[in-house]
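The values are calculated or read from the model by the stated rules, or taken from the named source; none is laboratory data. What you see is a predicted model, and the numbers here were worked out from it, not measured in a lab. Positions of Cβ are backbone-derived with ideal geometry, glycine not excepted, and every protein chain shown enters the neighbour counts. Calculation scope for accessible area: heavy atoms of the full protein, side chains included, ligands and nucleic acids excluded. Shrake-Rupley method; radii C 1.70, N 1.55, O 1.52, S 1.80 Å.
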Amino acid sequence: IFPRLVTDEGIMFIPATKAKKLSEEVFKLFWRDEAILTKRLGKYEKQTQVIDAIYGKIITPHFIEKENFSDLVPYLENIKGASWEMNTLAFFSVYFDKEMCAQLLSEVGSKISQRQLDIIWEKGSVPISDSFEKRRKHYIFDLLGQSRSWSEIGIECQYFGANYNKISSPEEVEKELREKFSRFENTGARTKFLTEEKLKKEINISEYNKWLSALSPEEDKLVRYLQAIIELRDARKDYQAKFLVVVFQITQKLFKEVNLDEGLIYFYMFDEIVKGKDYLLQNKAVLEKRHSGYSVLVNYDGTLEVESEMFEDTKIRLEKFFLGQQKKATDEKCIKGQTGSPGKIQGIVKVIMNIDKEGVKFNEGDVLVTGMTRPEFIQLMKKAVAVITDEGGITCHAAIVSRELKIPCVIGTKVATQLLKDGDMVEVDANSGFVKILK
């Protein structure tokens, strides 16, 4: 089985069996010896420090323009290595869900019953640590407290506006952050906000610790594992964004030197970038064809074949195949997923795959249906009465943000964006993980 990751530019398929096996193995290791997970998290932390150091160097004003591209290649290779290693260490957190947990608890001989697991899962899978959205807000406050200018903040925080489909410029990030946070330039406003937020957090943590103290040692251990993987999966997003900014900024310099359209950067593979000017110039005509989409075929021996003329055909064939596989177990009027955030509500569907092109059609009170959410979706999620996604587990962005917003969320349906249409009236029963088409 290959789960799909849908982006604005295409679809990526990865073998789920290996990822799920990794999740199972890490859980079993943790259950035998918690120190193993601690060691793994320590290695993860070292890679994040490498990424932070390279990012800090690259965004230093005038640093890139003074360097030759050949001198910048090691930065690309080092941040790729750190990012890949970091994700490898964290990847076990992606596919851990309640069904897998129940199976593994049985295998390791745990005394936790299914009923106990249901109760623990409802509270234990809600993150007690700050989400990356809150961490970013606090980071802005720290920079404002250091009397940093908005221009400096835009440069420092360029990664706030980075995803696989667009890297916002420092100026764009500055404009957005200024609009959101200018009211906190005053020290008193920041202090008031942080004091209120701290009080709420202390109350939540106090209630959480009281609940935790009533659990058995095994139950407590499970909750700590849930919290660890939720925090890990959430925290890695900023480092992925920093990786993207570093690659983009260095590639931007290269493209200017060879007179290539900057908009094509998103259609190049990493290994092509590090080959440098000669490769890009020799293959310019071929590479420019990718603007309308391209497919990368990975052979069993690891070699790649790139085809620019078959993207749409391949996409349609793969979508039909996976949709067909899922439909075998899916009622056309009732879609099954997982609980991302509990609740039950009815509403009108709006399917949003490309937020830049389709976001304007989303209204207050709509049900947001998408492949997966990213930070730029938060503006829509705040308007939504519920969220439904094709992808994701308990640690995904949609689940974490929906819990914070206290709106129902059903994740991991695989087919919601295929079966639901704009204007459908649906009942979202996130308590059970079901979405029912009413009209």
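Can you tell me which residues in the stretch 359-383 are open to solvent by less than 10 Å² (accessible area, probe 1.4 Å) and in contact with a Phe, Trp or Tyr (Cβ under 8 Å, 6 or more places away or on another chain)?
Scanning the stretch 359-383 gives L368, T370, L380.
State whether the residues of the stretch 397-417 include one that is at positive phi, in a loop (DSSP other than H, G, I, E, B) and of a type outside the set (G, A, S). Please lay out each step first, then the result.
Within the stretch 397-417, the first condition is being at positive phi, and the residues that meet it are 406, 412, 414.
In the following step, the residues that additionally are in a loop (DSSP other than H, G, I, E, B) were identified as 406, 412, 414.
Still in the running and of a type outside the set (G, A, S): 406, 414.
The answer is yes, given that some residue of the stretch 397-417 is at positive phi, in a loop (DSSP other than H, G, I, E, B) and of a type outside the set (G, A, S).
Is it the case that K275 is open to solvent by 20 Å² or more (accessible area, probe 1.4 Å) and in contact (Cβ under 8 Å) with a residue 24 or more places away in the chain? Steps first, answer last, please.
Working: open to solvent by 20 Å² or more (accessible area, probe 1.4 Å): yes; in contact (Cβ under 8 Å) with a residue 24 or more places away in the chain: no.
Taking the combined requirement at face value, the residue does not satisfy it.
Name the pairs whose Cβ atoms lie under 7 Å apart, with the first residue in the stretch 178-197 and open to solvent by 90 Å² or more (accessible area, probe 1.4 Å), the second not polar (S, T, N, Q), and 6 or more positions between them or separate chains?
From residues that are open to solvent by 90 Å² or more (accessible area, probe 1.4 Å), the pairs are R178/W150; R183/A189; E185/L144.
So if I check each of V296, V258, which one is of a type outside the set (F, W, Y) and open to solvent by less than 30 Å² (accessible area, probe 1.4 Å)? First the steps, then the outcome.
Working: V296 fails: open to solvent by less than 30 Å² (accessible area, probe 1.4 Å).
Answer to the check: V258.
Condition check ((1) of a type in the set (K, R); (2) within 30 Å of V126 (Cα to Cα); (3) outside any loop (DSSP other than H, G, I, E, B)) across all residues:
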site: K210; (1), (2), (3): yes, yes, yes
site: A228; (1), (2), (3): no, yes, yes
site: Q249; (1), (2), (3): no, no, yes
site: Y266; (1), (2), (3): no, no, yes
site: Y300; (1), (2), (3): no, no, no
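Among the residues of the stretch 339-390 satisfying the criterion of being β-branched (V, I, T) and out of contact with any helix residue (DSSP H, G or I) (no Cβ under 7 Å at 6 or more places or on another chain), which is farthest from C409 (Cα to Cα)? Before you say what the answer is, go through the steps one by one.
Residues of the stretch 339-390 β-branched (V, I, T): 339, 345, 348-349, 351-352, 355, 360, 367, 369-370, 373, 378, 385, 387-389.
Next, from what is left, pick out any that are out of contact with any helix residue (DSSP H, G or I) (no Cβ under 7 Å at 6 or more places or on another chain): 339, 345, 348-349, 360, 367, 385.
On the way: T339: 6, I345: 10, I348: 14, V349: 13, V360: 21, V367: 10, V385: 9 Å.
The residue in question is V360.
Contact list please: Cβ distance under 9 Å, first residue in the stretch 401-430 and small (G, A, S) and open to solvent by less than 10 Å² (accessible area, probe 1.4 Å), second residue at pLDDT 85 or above and in a helix (DSSP H, G or I), pairs at least six apart or on different chains.
From the stretch 401-430, the pairs are S402/M381; A430/S402.
When you scan the stretch 146-193, how many residues do you find that are in a helix (DSSP H, G or I) and of a type outside the set (F, W, Y)? Please lay out each step first, then the result.
Taking the stretch 146-193 first, the residues in a helix (DSSP H, G or I) are 150-156, 158-161, 170-184, 187-193.
Applying the additional criterion that residues be of a type outside the set (F, W, Y) yields 151-156, 158, 161, 170-180, 182-183, 187-192.
Total meeting the criteria: 27.
State all residues of the stretch 111-135 that are crowded, with 17+ Cβ neighbours inside 10 Å and polar (S, T, N, Q); if no residue qualifies, say none.
Q116, S125, S131
Would you confirm whether or not the stretch 215-225 contains a residue that is at positive phi, over 29 Å from the mean Cα position of the chain (by Cα) and not in a helix (DSSP H, G or I)?
No; the residues of the stretch 215-225 include none that is at positive phi, over 29 Å from the mean Cα position of the chain (by Cα) and not in a helix (DSSP H, G or I).
Do we have S106 as in a helix (DSSP H, G or I) and surrounded by fewer than 20 Cβ atoms within 10 Å (Cβ to Cβ) here? It would help to see each step written out before you state the result.
On the way: in a helix (DSSP H, G or I): yes; surrounded by fewer than 20 Cβ atoms within 10 Å (Cβ to Cβ): yes.
Criteria met by S106.
Right, Q240: open to solvent by 30 Å² or more (accessible area, probe 1.4 Å), polar (S, T, N, Q) and assigned to a helix (DSSP H, G or I) or not? Steps first, please.
Numbers: open to solvent by 30 Å² or more (accessible area, probe 1.4 Å): yes; polar (S, T, N, Q): yes; assigned to a helix (DSSP H, G or I): yes.
So Q240 passes the test.
Have a look at F96, F92 and point out the one that is outside any helix (DSSP H, G or I), out of contact with any Lys or Arg (no Cβ under 8 Å at 6 or more places or on another chain) and open to solvent by less than 40 Å² (accessible area, probe 1.4 Å).
On the way: F92 fails: outside any helix (DSSP H, G or I).
Unique residue meeting the criteria: F96.
Being modelled with pLDDT under 95 and of a type in the set (G, A, S) is the filter; apply it to the stretch 150-168 and report the residue that is nearest to the chain's Cα centre (by Cα).
Within the stretch 150-168, the match that is nearest to the chain's Cα centre (by Cα) is A162.
Out of (1) out of contact with any helix residue (DSSP H, G or I) (no Cβ under 6 Å at 6 or more places or on another chain); (2) within 21 Å of Q240 (Cβ to Cβ); (3) at pLDDT below 95, what's the single condition that is false for H62?
Every listed condition holds for H62 apart from (2).
Evaluate the stretch 431-439: report whether one residue or more is over 16 Å from M372 (Cα atoms) and without any contact (Cβ under 8 Å) to a residue 40 or more places away in the chain.
Looking through the stretch 431-439, at least one residue is over 16 Å from M372 (Cα atoms) and without any contact (Cβ under 8 Å) to a residue 40 or more places away in the chain.
Is it true that some residue in the stretch 18-34 is under 24 Å from D238 (Cα atoms), over 19 Å from the mean Cα position of the chain (by Cα) and free of Cβ contacts under 8 Å to residues at least 40 places away in the same chain?
no
Could you grab the pairs with beta carbons closer than 6 Å, sequence gap of 6+ or different chains, first residue in the stretch 43-59 and under 19 Å from L232 (Cβ atoms), second one surrounded by fewer than 19 Cβ atoms within 10 Å (Cβ to Cβ)?
Q47/E85
Report whether or not G337 is open to solvent by less than 50 Å² (accessible area, probe 1.4 Å), among the small types (G, A, S) and touching a Gly at 6+ places or on another chain (Cβ under 7 Å). Walk me through it before giving the result.
Details: open to solvent by less than 50 Å² (accessible area, probe 1.4 Å): yes; among the small types (G, A, S): yes; touching a Gly at 6+ places or on another chain (Cβ under 7 Å): yes.
When the stated conditions are applied, G337 passes them.
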